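Asks: Sharing a structure here in structure tokens format.
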Amino acid sequence: MGLALLFPKADVVAPSLWEQVAGIQHVDWNREEINFFWWAKDELPARGLTCVGKHVARSAACISPRLLPTLVAANGEEAEEGDPVVEAIRALGPLSGPQLREATGLEKKVVDRSIATLHHRLVLTNDHLDPEGSTWGTLVHELLARKWKLPKKLPAREDARRELTRLVLQLAGELTPADLAGVFGWRRKESAALLDDVAEGRDADGYTIYAPRR
């Protein structure tokens, strides 16, 4: 599959780890499977098996190591020069939110906002869960390029976005440009152009639905 959200998210056309584990779309916190879920979402990245972070649809998602170079090529952005959160992690190693606040002197809301942005840009990713710091443990963040070995030469951005479009189309069966834009944060016009390249469209009362080419 290559890509899945941790939890289902309304209006986002992407599979979720929860659906794979529990076999249902709605999240039931009383299900027995939730115990495995909480273990897996932290242990998979800790063991270097799956990249986990807020990398897709501004939500926590699982990305296979095989697909990660394509996602970075498609959506990766450089951090601002001298970003204090990035510089702290680069110098000190993987750090949690509280550790970043101590290292940078920044307020919690500033650090939290920076972490979210850097995950979205594929600069940071989840490293492991530190059992200290809170009842449920504290998430530790690492530089994505340091935790995961990426090829020196990544695919061209357009080629990478075309490959991701094919993947999501295959998983969903059919898509609108708005659906595709919602997964990766692309503009609808660009999403429509990508779907025109790789899929067949049909009119549906004023908008176009795309399906894989036969």
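The values are calculated or read from the model by the stated rules, or taken from the named source; none is laboratory data. Values in this document were obtained by computation on a predicted structure and should not be read as measured data. As a convention, Cβ positions derive from the backbone with ideal geometry for all residues, glycine included, and neighbour counts pool all protein chains shown.
Asks: Would you please name the residue that is farthest from A181 (Cα to Cα), looking only at residues in the stretch 58-71 that are in a helix (DSSP H, G or I) and under 10 Å from the mean Cα position of the chain (by Cα)?
Replies: First, the residues of the stretch 58-71 that are in a helix (DSSP H, G or I): 68-71.
After this cut, where a residue has to be under 10 Å from the mean Cα position of the chain (by Cα) as well, the list is 68, 71.
Details: L68: 19, L71: 14 Å.
In this case the residue turns out to be L68.
Asks: Which of the residues belonging to the stretch 87-96 are crowded, with 18+ Cβ neighbours inside 10 Å and touching a helix residue (DSSP H, G or I) at 6+ places or on another chain (Cβ under 7 Å)? Quick ask: steps written out before the conclusion?
Replies: Keep residues of the stretch 87-96 that are crowded, with 18+ Cβ neighbours inside 10 Å, which gives 88-89, 94-96.
A88, L95 - these are the residues of the stretch 87-96 that are crowded, with 18+ Cβ neighbours inside 10 Å and touching a helix residue (DSSP H, G or I) at 6+ places or on another chain (Cβ under 7 Å).
Asks: For the stretch 1-44, how many residues meet the condition of being within 16 Å of S59 (Cα to Cα) and acidic (D, E)?
Replies: Going through the stretch 1-44 one residue at a time, the tally reaches 3.
Asks: Something else: Among the residues of the stretch 106-143, how many are without any contact (Cβ under 8 Å) to a residue 40 or more places away in the chain and acidic (D, E)?
Replies: Taking the stretch 106-143 and keeping what is without any contact (Cβ under 8 Å) to a residue 40 or more places away in the chain, we get 106-115, 117-118, 130-136.
If we keep only those that are acidic (D, E) too, we end up with 107, 112, 130, 132.
Within the stretch 106-143, residues that are without any contact (Cβ under 8 Å) to a residue 40 or more places away in the chain and acidic (D, E) number 4.
Asks: For the stretch 32-57, what are the residues that are among the small types (G, A, S) and part of a helix (DSSP H, G or I)? Break it down into steps so the answer makes sense when it comes.
Replies: So the first thing to find is which residues in the stretch 32-57 are among the small types (G, A, S), and the list is 40, 46, 48, 53, 57.
Result: A40, A46.
Asks: For the stretch 178-214: of the residues being part of a strand (DSSP E or B) and touching a Phe, Trp or Tyr at 6+ places or on another chain (Cβ under 6 Å), which is surrounded by the fewest Cβ atoms within 10 Å (Cβ to Cβ)? Full working, then the answer.
Replies: The initial filter retains those residues of the stretch 178-214 that are part of a strand (DSSP E or B), namely 199-204, 207-212.
Right, trim to touching a Phe, Trp or Tyr at 6+ places or on another chain (Cβ under 6 Å) and you get 199, 201.
On the way: A199: 19, G201: 17.
Across the stretch 178-214, the extreme among qualifying residues is G201.
Asks: Moving on. Restricting to helices (runs of 4 or more DSSP H) lying wholly in the stretch 79-177: which have 3 or more residues that are over 19 Å from the mean Cα position of the chain (by Cα)? Break it down into steps so the answer makes sense when it comes.
Replies: On the way: elements: 84-92, 97-104, 108-120, 144-147, 157-172.
Here the list reads 84-92, 97-104, 108-120.
Asks: Buried (at least 17 other Cβ atoms within 10 Å of the Cβ), modelled with pLDDT under 95, hydrophobic (A, V, I, L, M, F, W, C) and touching a strand residue (DSSP E or B) at 6+ places or on another chain (Cβ under 7 Å), is that true of L144? Reasoning before the result, please.
Replies: Working: buried (at least 17 other Cβ atoms within 10 Å of the Cβ): yes; modelled with pLDDT under 95: no; hydrophobic (A, V, I, L, M, F, W, C): yes; touching a strand residue (DSSP E or B) at 6+ places or on another chain (Cβ under 7 Å): yes.
The answer is no for L144.
Asks: Restricting attention to the stretch 22-45, and to residues there that are surrounded by 15 or more Cβ atoms within 10 Å (Cβ to Cβ) and aliphatic (A, V, I, L, M), which single residue is nearest to P177 (Cα to Cα)?
Replies: Top of the filtered list is V27.
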